[in-house]
Amino acid sequence: MVVGVIEIISEIAKVLSLSLRLFGNIFAGEVLISVISALFAAIMPTPFMLLELLVGLIQAAVFTMLTLVYLTVMTTAPHGEEEH
């Protein structure tokens, strides 16, 4: 019973850590754009906005792929149990 609860907590922690990582990366990019916008003219932050859009897309793809991998591992039977 205790092992099952620990396994559930560990699986939730994996997805939670991915979510926090994605949030941190996106938040840091937004802070960077805000600081550059405050320090320089309106034209200067445009390349950073495009870069942040690209980074956001990559982070979302990584988050999706890792979540799919974790869910696939959780829902598939271990080797040796397929025959029973």
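Criterion first (modelled with pLDDT of 85 or more and either closer than 18 Å to SER10 by Cα or in contact with a Leu (Cβ under 8 Å, 6 or more places away or on another chain) (or both)) does VAL31 satisfy it? No. Quick check on VAL2: is it out of contact with any Cys (no Cβ under 8 Å at 6 or more places or on another chain), under 26 Å from THR75 (Cβ atoms) and of a type in the set (Val, Ile, Thr)? Yes; evaluated as a whole, the condition is true for this residue. Checking each residue in region 10-39 for being over 21 Å from ALA60 (Cβ atoms), surrounded by 10 or more Cβ atoms within 10 Å (Cβ to Cβ) and hydrophobic (A, V, I, L, M, F, W, C) picks out VAL35, ILE36. Six or more apart or on different chains, Cβ atoms under 7 Å: show the pairs whose first residue is in region 40-56 and modelled with pLDDT under 80 and whose second is surrounded by 11 or more Cβ atoms within 10 Å (Cβ to Cβ). Every condition considered, the pairs that remain are MET44/ILE36; PRO45/ILE33; PRO45/ILE36; PRO45/SER37; PHE48/LEU32; PHE48/ILE33; PHE48/ILE36. Scanning region 11-47 for residues that are closer than 30 Å to THR75 by Cα and of a type in the set (Phe, Trp, Tyr) yields one hit, PHE23. Does GLU52 count as in contact with a Gly (Cβ under 9 Å, 6 or more places away or on another chain) and charged (D, E, K, R)? For GLU52, the condition - in contact with a Gly (Cβ under 9 Å, 6 or more places away or on another chain) and charged (D, E, K, R) - is met.
Every residue, every condition in (1) out of contact with any Pro (no Cβ under 8 Å at 6 or more places or on another chain); (2) basic (Lys, Arg); (3) free of Cβ contacts under 8 Å to residues at least 24 places away in the same chain, yes or no:
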{"residue": "MET1", "(1), (2), (3)": "yes, no, yes"}
{"residue": "GLU7", "(1), (2), (3)": "yes, no, yes"}
{"residue": "SER19", "(1), (2), (3)": "yes, no, no"}
{"residue": "ILE33", "(1), (2), (3)": "no, no, yes"}
{"residue": "LEU68", "(1), (2), (3)": "yes, no, yes"}
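The set of residues in region 34-80 being more than 20 Å from the chain's Cα centre (by Cα) and either outside any helix (DSSP H, G or I) or closer than 30 Å to ILE12 by Cα (or both) consists of PHE40, ALA41, ALA42, ILE43, MET44, PRO45, THR75, THR76, ALA77, PRO78, HIS79, GLY80.
The values are calculated or read from the model by the stated rules, or taken from the named source; none is laboratory data. This is a predicted model, so every value here is computed, not measured. Note that each Cβ is placed from the backbone with ideal geometry, even for glycine, and that neighbours are counted across all protein chains shown.
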